[in-house]
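First up is the structure itself, then whatever we jot down about it.
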Amino acid sequence: MNKIFEMPLYPYARTADQDAGVPVRHRVMIVGAGPVGLAAAIDLAEQGVPVVVLDDNDKVSFGSRAICFAKRQLEILDRLGCGQPMVDKGVVWNLGKVFFRDRKVYEFNLLPEEGHRRPAFINLQQYYFEDHLVARVRELQAQGAEIELRGGNRVREVDDRGDRVRLTIDTPEGPYTVETEWLIACDGAGSPIRAMMGLDFVGRVFEDNFLIADVVMDADFPTERWFWFDPPFNPGQSALLHKQPDGVWRIDLQLGWDIDKEEEKKPEKVIPRLREMLGDEVAFELEWVSIYTFQCRRMDRFRHNRVIFAGDSAHQVSPFGARGANSGIQDADNLAWKLGLVIEGRAPEDLLDSYDAERIAAADENILNSTRSTDFITPKSEISRIFRDAVLDLSEPYAFARPLVNSGRLSLPSVYDGSPLNAEDALPGGPARTRPGAPCPDAPAGNGFVLDRLGGGFTLLTIDAEAPEQLTEEGIEAGRIALSAADDPTGALSERYLGAAEAAVYLIRPDQHVAGRWPAFDAGRIRAAIRRATARE
């Protein structure tokens, strides 16, 4: 068993709040020290916003849980200062293969184009992911950032008092009370905060169960995603194989609906299933086993006055497609810069309403894709199964059928089409992939890459266009990054940002989504776009 599960990273320690005569008020408190809560805390701390993270645990999550982290999330982590250690530790992969019964029907490359710093995906156990985030927190603390992790602190009561939230917190030394101007709930799918507030999910729970097993073995399987429909070792069901660091492999096996979950998790039930899949000659040992049921659900609203939900506490999807943790990191990415501006008084609270508008749309997109994947993987009728099997048979010789195969549409970043923060698209001939609302794609730029130069503030990105080095509008500063199509001899920069245009000026948000674009610098229109992107217009 990996010793990381046993090591306290933020053990309980008494704080001054517990001895205060009246409840101490904080700027931001986050409940949940998982990937989403830690990412949000790091983002806020880097903006200079004091933040306290509460968790009833003091260690990393037990078991690998989320393992597939997509390119966009790695780019977000680069901005937060902890992307490279995760890529160094993770297993990099771009290729996936789909099998039907005993044969491979086709394969796909998730990053078929060149000119990106990061791969399509890495596989990294959630416990390592959290460990790297905590290490980044410690770096920020050493630099003087006001960010605090409180282990052994379990929230018992939540009281929204209009301009603040009062929390009652249980600790090993008894309860205490604090207040916070803003509370971010990142406390998982079973969110106690959501339950305390009497809120719930809407959506579907699917009638099927899947076994997850983390298996330590020395195997020569390639570093690829392998997905089986109706394999001979799990007939009538599905299976998934993924490589993780340290010789750990993730295996998912569909079990069906009418099972005894506790019985199926016992080693004497799990090991024969794995031997059937891997063969008798492969030596392995179990590290972690769990059983999950598909759920595709979300809250009606993610923001409830001063309490804001993010990650699994706000929405749930099936694990096929790697949309859970990835979408949660995007929640934090979307929320943190907005909350930071509101706290600093540089944007109205109305800006936070755009978190609902943009991330609910993203959740609905993820739920739609996840539901479609689940319906294809687990047909609900005989005619559905016949259709699915026909598609799989056709996909081997005919390329047209392959887009119909759905083994989990893998996570892509959301484009915020129709967002209230978007300016008009005023770049004739501009590429669709960089329209307002879209996340900036990476591209080579001189000796580096575009995204490395954007940072975490508003940016004027000019390509073969003139503009001032800085523009300030109502307290919002946008610094210029000047590029030329000649900076990238591969043509990727031009293809991704110019299209048919000869020059372009982009206004980029702090989360590296496009706010607006124009063929030339126009101070009036760009100032208006800044006001719109900060909910002032």
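The values are calculated or read from the model by the stated rules, or taken from the named source; none is laboratory data. Predicted, not measured: the structure shown is a model, and the values here were computed from it. Positions of Cβ are generated from backbone atoms using ideal geometry, with glycine treated the same way; all protein chains shown enter the neighbour counts. Just the protein is used for accessible areas: all its heavy atoms, side chains included, with ligands, DNA and RNA removed. Shrake-Rupley method; radii C 1.70, N 1.55, O 1.52, S 1.80 Å.
Note the per residue figure in Å³ for the convex hull of the C-alpha positions in the chain. Spell out each step's value before the answer.
Values: hull volume 85.8 nm³, N = 537.
Per residue, the Cα convex hull of the chain comes to 160 Å³.
Magnitude of the Cβ-charge dipole of the chain, K/R +1 and D/E -1, about the Cα centre, nearest 20 debye?
520 debye
Once you keep just the Cα pairs under 8 angstrom separated by 6 or more residues, what percentage relative contact order results for region 351-466? Can you show the working numbers first?
Details: 75 pairs, mean separation 24.1, N = 116.
Computed value for region 351-466: 21 percent relative contact order.
Which whole-number percent gives the relative contact order of region 1-110, counting Cα pairs below 8 Å spaced six or more residues apart? Could you put the intermediate results ahead of the total?
Details: 92 pairs, mean separation 23.3, N = 110.
Relative contact order comes out at 21 percent.
Would you work out which of F400, A41, A66 lies farthest towards the positive end of the dipole of the chain? Charges go on Cβ: Lys and Arg +1, Asp and Glu -1.
Value computed over the given set: F400.
How large is the dipole of region 381-537 about the Cα centre if only Lys and Arg carry +1 and Asp and Glu carry -1, each at its Cβ, rounded to the nearest 20 debye?
Dipole of region 381-537, to the nearest 20 debye: 380 debye.
Which percent, nearest 5, of DSSP beta bridges in the chain are antiparallel?
Of the beta bridges lying entirely in the chain, close to 70 percent run antiparallel.
Report relative contact order for the chain in percent, whole number only (criteria: Cα-Cα under 8 Å, sequence separation at least 6).
14 percent
Out of the GluC sites (Glu not before Pro) in region 440-494, which ones are loop residues according to DSSP with at most 12 other C-beta atoms within 10 Å?
In loop regions of region 440-494 (DSSP not H, G, I, E or B), the sparsely surrounded GluC sites (Glu not before Pro) are E466, E469, E474.
For region 245-404, what does the accessible surface come to per residue with a 1.4 Å probe? Please give it in Å².
Result: 40 Å² per residue.
What is the percent carbon and sulfur in the accessible area of region 179-314, measuring with a 1.4 Å probe over the protein chains and ignoring ligands?
44 percent
What is the distance in Å between the Cα centroid of region 360-413 and that of region 440-460?
Cα centres, region 360-413 to region 440-460: 34 Å.
To the nearest 20 Debye, how big is the dipole of region 427-487 about its Cα centre, given +1 on the beta carbon of each Lys and Arg and -1 on that of each Asp and Glu?
280 debye
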